[in-house]
Amino acid sequence: MDQARKRGKKPIGEQPVTGEQPTTGEQPAEGEQAAPAEEEGPAQGEAPVFDSQKDAVRKRRGGRDNAQETGGQDAGGQPTQQNGEQAEAPKPAPVDQGPPPTDDRAAQQELKLERMVPVTEEKGKRVERAPDDEDIRRRPRPRGVDVVRELGDRVILQFNNQTIVESDDAPRMHRGARNVYYEELSGDRTREIVERDNGIQIVTIRNRYGDVIQRSRIAPDGREYVLSYVDERYYDDDSDWRDPGDDLPPIRIDIPREEYILDAEDIEDPGDYYTFLEQPPVERVQRLYSIDEVKRSARVRDIARRIDLDTLNFEFGSASIPETEVQKLEGVASAMEKLLEKNPAETFLIEGHTDAVGRPEANLALSDRRAEAVAEALTNAFSIPPENLTTQGYGEEYLKVNTSEPNRENRRVAIRRITSLVAPVASAN
């Protein structure tokens, strides 16, 4: 189906920003039977296009159980309350940045980086680490971050009126490695070096909380490709986790929806994946963010365009990808491969989403496992390097269709190319 006919040519900037989820009753507990996908109820209308608009409603609500206290948003995307009070300070007024940047370099023209420090420049002290040391359940947390629940190898955290799932990418990064070792750096930072049989090293520096603040691939000839780099002038790991999107005005762009979100079910030519993914962000990037900041900030993620893999089907309650479904990833994998040939330092965020059936915390863990399963499939079946992929589950937090009923469109995996958000694009040249 032609996207222009299906979605229309209405610019995103003119779309309504209402559409908070309705109040829902008690959902089936884990393991209980829910309605099958083919019996899903009618959609109650599409949600706002941008996740940050959905986030504003959710933060005002304080979770699904407080939906009746939510007012909504005004025409500019600002949250309001029925009683007229504001729960948080108003953001700057929307700024019309004009048309989207023409390429990644133009998107980063606002960046003012000092000398980039090579990932191996600081001398470290090699340390022995046991498997338990990598257990995310034992990580220290910033002030104001509470561990809500542990679900297997996932941890559910709550902070800033936000609930997020945390997992460890070490199993993906370490698989097939010849050697893995660690070094202690100043400032309670840790450097991990993964050595592969082909002579490539993946070097990652994490802060005391496990956030990736620098990651590079070092080729056998010593050339360093920077996949993630945070300018420490803007990144203070001693402070509370905060949303860097709070420093940005509400997003406001004026392009058709199909230029911002690509629905896999509408694709007729697999080459459309590459054409879409190679496009730059929809607005200029004000600074570089850590990968974890991008994961935690809907407003920052909104800067990057999104592919919805709504043709990929998971069994209800399962994170496994049947072999018959893996081939549906071929088109996007080919696009990634082509982009990596041009720039080996590309980074792709794989998001997992569920519908609103089931417990929110269980949905977070399930969606995170589904995002990880897609990353595993891209690596195992199509040889996309694991260091170029990062994953995050969002559960039911960012519904595509506003309904508490089972809905296939909400059970999706999404992909964004976030390279220009997390690394200076010139580093690959």
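The values are calculated or read from the model by the stated rules, or taken from the named source; none is laboratory data. For clarity, every value in this text was computed on a predicted model and none was experimentally measured. Glycine gets a Cβ as well: all are built from the backbone with ideal geometry, and neighbour counts include every protein chain shown. Each accessible area value is taken on the protein alone, full model and side chains, heavy atoms only, with ligands, DNA and RNA left out. Shrake-Rupley method; radii C 1.70, N 1.55, O 1.52, S 1.80 Å.
Using protein chains only and a probe of 1.4 angstrom, how many square angstrom of Ile267 are accessible, to the nearest 10?
30 Å²
For the residue pair Asp188 and Asp246, what label-to-label distance in nm results when each label sits 7 Å from Cα along the Cα-to-beta-carbon direction?
2.0 nm
Quick one: which residues, 5 or more positions from Asp310 or on another chain, have an amide H under 5 Å from its amide H? H modelled 1.01 Å from N in the peptide plane, none for Pro or chain starts.
Close amide H contacts, sequence-distant or interchain: Ala264, Glu265.
Give me the percent of accessible area attributable to carbon and sulfur for the stretch 138-297, probe 1.4 angstrom.
41 percent
Accessible area per residue, 1.4 Å probe, Å², for the stretch 140-185: what's the number?
I get 48 Å² per residue for this part.
Please give the net charge around Thr275, taking every other residue with its beta carbon less than 13 angstrom from that of Thr275, where Lys and Arg add +1 and Asp and Glu add -1. Write out the running numbers ahead of the final one.
Working: positive: Arg305, Lys338, Arg417; negative: Glu258, Glu259, Glu268, Asp269, Asp272, Glu278.
Combined, the nearby Lys, Arg, Asp and Glu give -3.
Quick one: 3J(HN,Hα) in Hz for the stretch 407-418, Karplus 6.51/-1.76/1.60 with θ = phi - 60°, rounded, Gly and Pro as x.
The phi angles translate into 8, 5, 5, 7, 8, 9, 10, 10, 10, 10, 8, 10 Hz.
Please identify which residues in the stretch 374-412 have an amide N closer than 16 Å to a label point set 7 Å out from the Cα of Arg129, following the Cα→Cβ vector.
387
What ranking, highest mean first, results for peptides 376-385, 343-352, 114-123 when packing means the other Cβ atoms within 10 Å averaged over each residue?
343-352, 376-385, 114-123
Tell me the carbon and sulfur percent of the accessible area for the stretch 305-426, rounded to whole percent, probe radius 1.4 Å.
Carbon and sulfur together cover 46 percent of it.
Any idea of the accessible area per residue across the stretch 290-373, 1.4 Å probe, to the nearest Å²? Could you put the intermediate results ahead of the total?
Values: 2560 Å² over 84 residues.
For the stretch 290-373, the solvent-accessible area averages 30 Å² per residue.
Taking the Cβ of Gly124 as the center, what net charge do the other residues with Cβ under 14 Å away carry, scoring Lys and Arg +1 and Asp and Glu -1? Please report the intermediate quantities before stating the final value.
Details: positive: Lys123, Lys125, Arg126, Arg129, Arg189, Arg191, Arg206; negative: Glu121, Glu122, Glu128, Glu183, Glu184, Asp188, Glu192.
Computed value for this residue: 0.
I need the phi-derived Karplus couplings for the stretch 297-303: 6.51 cos²θ - 1.76 cosθ + 1.60, θ = phi - 60°, integer Hz, Gly and Pro marked x.
Each residue of the stretch 297-303 in turn: 10, 5, 5, 5, 4, 4, 5 Hz.
Using the basic label-point model (7 angstrom from Cα toward the beta carbon), what is the Ser383 to Leu113 distance in nanometres?
Here the answer is 2.9 nm between the modelled labels.
Each label point is 7 Å from the Cα along the Cα-to-Cβ direction; what then is the distance between the points at Val145 and Glu195, in nm?
It works out to 3.1 nm between the two label points.
Just to confirm, what accessible area per residue do you get for the stretch 199-288 at 1.4 Å probe, in whole Å²?
Here the per-residue accessible area is 39 Å².
Just add up the charged neighbours of Asn363: K/R +1, D/E -1, any other residue whose Cβ is under 9 Å from the Cβ of Asn363.
-3
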